[in-house]
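Trainee: Dropping the structure in here first, questions after.
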Amino acid sequence: MVEYKGKEVILMACSSCNIKKCEHCYISYEGDRTPSELKEIATKLAETYEVYINGAEVLVNKEYFDSYKIVNQNWMLTNGFEIYRNPDILDYLKERGIEIVEMSYHFGIQDKISKINNAMLEKNIEYLKEKGMKFKLLVTISTDNYNMIDRMCEKAVELGAYGIEFTNFLNQGNAKNMDSSNLLNAEQISNFFDQLLAVRKKYPKEQLVIDRSGLFGKNNNSSSCHFNCPAGTDMVVVTPDNNVYSCLFLAKPGLEIGKLENGKILLNESIDNDGNLCLAQELCNNNNEEFVSKVLKLKK
Ligand code: SF4
């Protein structure tokens with residue numbers, strides 16, 4: 001086995017979720033860490049790597065937030081349900097150094113995929129503003145809403161978000177039970193990229209930070225596209241059962257690339273990912289199993 005020498009580690013606290021998972025949820029691993037276990041591992045890994053803590057839904061146990069300061073993380077991801085149910089939780093989070101909340105807000109498809117509705121999310125936005133916290137909206141893009149990018153950005157500005165981030169609908173986890181007609185084809189992805197370039201011109205970063213996940217792959221039509229997939233080379237994911245995966249979207253039994261052992265991240269073999277393709281998109285949406293198995297050196 002070889003020790004992981006890359007930069008980032010995403011430490012998954014749990015697989016639990018307070019709304020028992022959205023229709024499109026990609027989470028494919030099982031298990032929850034105890035808060036003390038999380039703290040111990042975060043402390044150890046932060047000596048060597050940039051560590052980020054993630055869920056599924058981290059607010060299922062607020063004691064997980066005792067680890068955020070240890071890894072210098074001032075932001076968190078959430079589905080928003082716990083904030084709606086108990087807005088006072090924001091004071092608790094602020095005390096633990098959280099300044100930025102990144103919250104799911106799926107324009108046009110929220111009711112189709114989540115038990116939390118837009119009115120609840122907009123109430124949360126009022127609470128966040130009252131507490132002076134910055135927020136970013138996390139939007140899943142499917143065939144239903146891919147052509148609304150400008151409207152989404154306009155609404156994000158109107159709501160007072162500092163940023164918006166688009167994630168491609170991925171055929172993974174719960175989403176596998178949904179109709180495959182939700183998946184964007186190559187032409188729709190290209191159209192999405194064109195809209196993205198247009199809104200980035202329209203909204204200066206000071207007004208709205210516009211991000212997109214790697215799940216759309218490289219935009220071959222744009223010379224300004226800096227796509228680089230770091231999966232397994234500069235980023236790994238550690239799940240609560242101490243398995244190591246190449247990417248959050250590929251954290252699924254059978255796709256392990258290593259183990260966390262005695263505080264060390266050990267990979268089965270060094271990973272040769274040239275970064276040109278999104279491995280999760282290739283495996284889940286493009287059925288390019290052979291390519292991903294080869295890159296991740298998965299045993300058949
Ligand atoms: S496989 Fe690579 S590009 Fe795709 S989401 Fe994961 S890290 Fe990002």
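Trainee: Taking K136 as meeting all but one of (1) touching an Asp or Glu at 6+ places or on another chain (Cβ under 7 Å); (2) touching a residue at least 12 places away in the same chain (Cβ under 8 Å); (3) open to solvent by 30 Å² or more (accessible area, probe 1.4 Å), write down the number of the exception.
Mentor: So the condition that K136 fails would be (3).
Trainee: Among the residues that make up the range 118-128, is at least one of them open to solvent by 10 Å² or more (accessible area, probe 1.4 Å) and assigned to a loop (DSSP other than H, G, I, E, B)? Before the answer, list the steps.
Mentor: Of the residues in the range 118-128, the ones open to solvent by 10 Å² or more (accessible area, probe 1.4 Å) are 118-120, 122-123, 126-127.
Remaining after also requiring assigned to a loop (DSSP other than H, G, I, E, B): none.
Looking for residues that are open to solvent by 10 Å² or more (accessible area, probe 1.4 Å) and assigned to a loop (DSSP other than H, G, I, E, B), one finds none in the range 118-128, hence no.
Trainee: Here is a further query. Do you know which residues across the range 277-300 are within 11 Å of the ligand (Cβ to nearest atom) and within 20 Å of T167 (Cβ to Cβ)? Can you show your working first?
Mentor: Residues of the range 277-300 within 11 Å of the ligand (Cβ to nearest atom): 277-285, 292, 295-296.
Selection gives L277, C278, L279, A280, Q281, E282, L283, C284, N285, V292.
Trainee: For residues that are part of a loop (DSSP other than H, G, I, E, B) and within 12 Å of the ligand (Cβ to nearest atom), scanning just the range 234-256, find the one that is surrounded by the fewest Cβ atoms within 10 Å (Cβ to Cβ).
Mentor: D234
Trainee: While we're looking at this one, here's another question. Does L266 meet the test of being within 15 Å of L170 (Cα to Cα) and at pLDDT 95 or above?
Mentor: Taking the combined requirement at face value, the residue does not satisfy it.
Trainee: Let me ask something else about it. Can you work out which of the residues in the range 213-224 that are in a loop (DSSP other than H, G, I, E, B) and either modelled with pLDDT of 95 or more or surrounded by 16 or more Cβ atoms within 10 Å (Cβ to Cβ) (or both) is nearest to the ligand (Cβ to nearest atom)?
Mentor: Here the residue is S213.
Trainee: Quick one: which residue in E23, E82 is assigned to a loop (DSSP other than H, G, I, E, B) and out of contact with any strand residue (DSSP E or B) (no Cβ under 6 Å at 6 or more places or on another chain)?
Mentor: E23
Trainee: Here is a further query. Can you tell me which residue within the range 158-212, out of those that are touching a residue at least 60 places away in the same chain (Cβ under 8 Å) and polar (S, T, N, Q), is farthest from the ligand (Cβ to nearest atom)?
Mentor: Across the range 158-212, the extreme among qualifying residues is N177.
Trainee: Okay, next question. Could you tell me whether the range 264-273 includes any residue that is surrounded by 15 or more Cβ atoms within 10 Å (Cβ to Cβ) and within 12 Å of the ligand (Cβ to nearest atom)?
Mentor: yes
Trainee: Among the residues of the range 18-55, count how many are under 14 Å from L77 (Cβ atoms) and in contact with a Gly (Cβ under 7 Å, 6 or more places away or on another chain).
Mentor: 3
Trainee: Filter the range 94-117 down to the residues that are in contact with a Lys or Arg (Cβ under 8 Å, 6 or more places away or on another chain) and not in a loop (DSSP other than H, G, I, E, B) and list them by number.
Mentor: K94, I100, V101, E102, M103 - these are the residues of the range 94-117 that are in contact with a Lys or Arg (Cβ under 8 Å, 6 or more places away or on another chain) and not in a loop (DSSP other than H, G, I, E, B).
Trainee: Right, here's the next one. Mind listing whichever residues of the range 153-171 are loosely packed, with under 13 Cβ neighbours inside 10 Å and touching a Lys or Arg at 6+ places or on another chain (Cβ under 9 Å)?
Mentor: G160, the sole residue that qualifies.
Trainee: I've got another one for you. What residue, among those in the range 172-201 that are open to solvent by 40 Å² or more (accessible area, probe 1.4 Å) and part of a loop (DSSP other than H, G, I, E, B), is modelled with the highest pLDDT?
Mentor: N185
The values are calculated or read from the model by the stated rules, or taken from the named source; none is laboratory data. Everything numeric here is computed off the predicted structure, so don't read it as measured data. Neighbour counts run over all protein chains shown; Cβ positions are idealised from the backbone, glycine included. Each accessible area value is taken on the protein alone, full model and side chains, heavy atoms only, with ligands, DNA and RNA left out. Shrake-Rupley method; radii C 1.70, N 1.55, O 1.52, S 1.80 Å.
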